[in-house]
Amino acid sequence: MNAHLRRTFYFFVAGFVSLVGVLAYWQVYVQESLANDPSNSLQSQRVQSVPRGLILAGDGETELARSEEQDSGTYERVYPEGPLYAGITGYWSTRYGASGMEIGENNNLSGNGEPETLDELLNQISGGPQAGNDVELSLDPELQRAAYDGLAASSTGRGATVALNPKNGEILALVSYPSYDPNNIDENFSDLVENPDNPLYNRATQGLYPPGSTFKVITTAAALKSGVSPSDEFEDDGIYETPGYDVYNYKARSYGEVTFEEAIAKSINTIFARVAYEYVGNQTLSQTAYDFGFGDAYEDFPLPVAPSSLGNVAPDQWVQGDIAQISFGQGPVTSNVFEMAQVTGAIANGGTMMNPRLVREVRSPDGVILDQPSSSPRENVLDEETANTLSDMMESVVEDEETTAKIPGIKVAAKTGTAENSTGDPHSWFISFAPADDPEIAVAVIVENGNEGYKQALPIARRMMETYLRGKGELPEESTTSAPASGGGGSTTPPPQGGTTVPSSQPAPQQPPQNANPFQPFQAPSQGQQTRPPNQAPGQQPQNPGQAPGQPPIQRPGG
């Protein structure tokens, strides 16, 4: 009898524990995901029956998203600025789901979060409808417009840009172009998915591209940590040889004796390949990139971010050719403008990377401030002395070579990038911050297939810096500082740009598949190209596409 009672007791205990576990799973672990799932019928009904909160720009007045009551008594989401902010706001559709801040801040916008005021608590207890909270972002409306217009007017009309305040991490502008109008997402969704330009794809945070010579600031940081000085001299004969992989300068240039500071200003890839292999090494180079944010998915950021990558081969297995191509941002290296803006901001902020912030304030429907996220350091990447030295070297890039980036009366630090890829013309990159002696804005720009960095990306970044500094009263209202997008030195002859021979292990920039799920971050691109074939000797690099064995390597731009 006692044994029977014990078995019955254990049975009920097991059932009770199982019940508690199931309830905990649904109420704790997946409660938020269920509440934020647009396909949840209760969520869809709620969106239509009560207004979601406003999404506002950083001026606290410009409405990026609001709910409007219809004649039927239901609410419809409206985006007054349309495509200008679509890469940030995303959309909310009861038919196709949600994206962007609409899903990233859904708990606040929908009022599904924990009640913050007595009225909210009483309303929640009574089961009454709860209007969503308003979310004010850190975006500067004038800067956002300047960035959007710049990309729209670029040679290819495809690209992205991110600007941030390096001192507190606030995102000042974030644009992916081409964009789309979230107001008619239900009617146009199928066409947008099939559009070859992928307007639903957020190039700013999820587009992965070879960063080209903008990566040299990371290699420079690693070199400075390894004891290399800006004044150290190197002899360049136009080639750096590694087993199976030779680095050449753009247009077969040979620079002779140059300092390390001149090497970054002129973007001499052969010098960077040598410095990375002979002075820095695989561990310091890779760890410096990781410290700058490579491999980080920024999961605490409200928009999905595709992690930048150094490839699938572990750093301790890198051979000389791997280090050479990684040193100037080619081969297996992929990144996006969000990450390169973080890199630029960390250098500008004396070596400290701040946590990127897009939400400035959350307010209840009656105006009570519920949350004001504060700035906080994310990573101490460099000591202040090293960061200042690197900043001075980037300033020399503008002073000595990329002079069209100059802003009268303002010191500018920058680096161009010309990233070779397998899908067409090189991508145009530019990273910069200003004023260099007291940075207030850091910018990263990419124009897909825009060729040399000074041609397309530089003018956009310069215009963005001018716009922001003018808004801060540091430039006159009627500025005539904009210069033509010509070569460095103000002449019609392009400035010396770095260049290289790029092996076929270099990945193409990631593009989303035509039928990709727009609600999920796209996966990082496969780096399998770097895996050596079985018949390839260690250190030997594969041939370029279309290059027959024994042919001389194809020269590629890399500045």
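The values are calculated or read from the model by the stated rules, or taken from the named source; none is laboratory data. This structure is a prediction, so every number in the text was calculated from the model and none was measured. Cβ sites come from the backbone with ideal geometry, for glycine too, and all protein chains shown count toward neighbours.
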Q) Can you pull out the strands (runs of 3 or more DSSP E) entirely within region 172-270 that have at least 1 residues that are over 27 Å from the mean Cα position of the chain (by Cα) and in contact (Cβ under 8 Å) with a residue 40 or more places away in the chain? A) 233-236, 239-242, 245-248
Q) Within region 60-73, is even one residue assigned to a helix (DSSP H, G or I), out of contact with any strand residue (DSSP E or B) (no Cβ under 6 Å at 6 or more places or on another chain) and at pLDDT below 95? A) no
Q. Out of all the residues in region 283-299, is one or more of a type in the set (S, T, N, Q), buried (at least 18 other Cβ atoms within 10 Å of the Cβ) and closer than 24 Å to Glu170 by Cα?
A. yes
Q) Which is among the small types (Gly, Ala, Ser), at pLDDT 95 or above and within 23 Å of Ala163 (Cβ to Cβ), of Gly293, Gly311, Gly281? A) Gly293
**Q.** Top-ranked residue of region 426-460 - restricted to ones that are touching a Lys or Arg at 6+ places or on another chain (Cβ under 6 Å) and assigned to a loop (DSSP other than H, G, I, E, B), ranked as farthest from Ala160 (Cα to Cα)
**A.** Asp437
Q: Return yes when Gly321 is under 28 Å from the mean Cα position of the chain (by Cα), touching a residue at least 40 places away in the same chain (Cβ under 8 Å) and not in a loop (DSSP other than H, G, I, E, B) and no when it is not.
A: yes
Q. Quick one: Asp237 ticks every box in (1) in contact with a Ser or Thr (Cβ under 8 Å, 6 or more places away or on another chain); (2) within 30 Å of Ala98 (Cβ to Cβ) bar one, so which box is it?
A. (2)
**Q.** One residue from Tyr290, Tyr279, Tyr298 being part of a loop (DSSP other than H, G, I, E, B) and among the hydroxyl-bearing types (Ser, Thr, Tyr)
**A.** Tyr298
Q. Tally time: how many residues in region 251-286 are in contact with a helix residue (DSSP H, G or I) (Cβ under 8 Å, 6 or more places away or on another chain), among the hydroxyl-bearing types (Ser, Thr, Tyr) and closer than 14 Å to Ser213 by Cα?
A. 1
(Q) Just to verify a result, which residue in region 311-353, among those that are hydrophobic (A, V, I, L, M, F, W, C) and touching a strand residue (DSSP E or B) at 6+ places or on another chain (Cβ under 6 Å), is surrounded by the fewest Cβ atoms within 10 Å (Cβ to Cβ)? (A) Met353
Q. Just for region 116-170: of the residues that are crowded, with 21+ Cβ neighbours inside 10 Å and part of a helix (DSSP H, G or I), which one is modelled with the lowest pLDDT?
A. Glu120
Q) What are the residues in region 384-425 that are of a type outside the set (Ser, Thr, Tyr) and assigned to a loop (DSSP other than H, G, I, E, B), if any? A) Glu401, Glu402, Lys406, Pro408, Gly409, Lys411, Val412
Q: Quickly run through region 357-378 and pick out the residues that are exposed (fewer than 15 other Cβ atoms within 10 Å of the Cβ) and not in a strand (DSSP E or B).
A: Asp366, Gly367, Val368, Gln372, Ser374, Ser375, Ser376
Q.
Go through region 413-460 and report how many residues are among the β-branched types (Val, Ile, Thr) and surrounded by fewer than 24 Cβ atoms within 10 Å (Cβ to Cβ).
A. 1
Q: Please state which one of Ser391, Ser432 is more than 22 Å from Ser176 (Cα to Cα), among the hydroxyl-bearing types (Ser, Thr, Tyr) and either touching a helix residue (DSSP H, G or I) at 6+ places or on another chain (Cβ under 6 Å) or modelled with pLDDT of 95 or more (or both).
A: Ser391
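Each row is one residue, and each column tells you yes or no for (1) of a type in the set (Ser, Thr, Tyr); (2) surrounded by fewer than 24 Cβ atoms within 10 Å (Cβ to Cβ).
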site	(1), (2)
Gln70	no, yes
Glu76	no, yes
Tyr79	yes, no
Gly82	no, yes
Ile88	no, no
Trp92	no, no
Q) Does Gln206 qualify as being of a type outside the set (Ser, Thr, Tyr) and within 19 Å of Trp429 (Cβ to Cβ)? A) yes
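Considering region 244-254 alone, what residues qualify as being surrounded by fewer than 19 Cβ atoms within 10 Å (Cβ to Cβ) and modelled with pLDDT of 90 or more?
Within region 244-254, Ser254 is the sole residue that qualifies.
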Q | Residue check for Met393: in contact (Cβ under 8 Å) with a residue 40 or more places away in the chain and touching a Lys or Arg at 6+ places or on another chain (Cβ under 6 Å) | A | no
Q | Residue list for region 271-318, restricted to those being of a type in the set (D, E, K, R), in contact (Cβ under 8 Å) with a residue 12 or more places away in the chain and over 25 Å from Ser229 (Cα atoms) | A | Asp296, Asp300, Asp316
Q: For region 86-96, state whether one or more residues are out of contact with any helix residue (DSSP H, G or I) (no Cβ under 9 Å at 6 or more places or on another chain), of a type in the set (S, T, N, Q) and at pLDDT 95 or above.
A: no
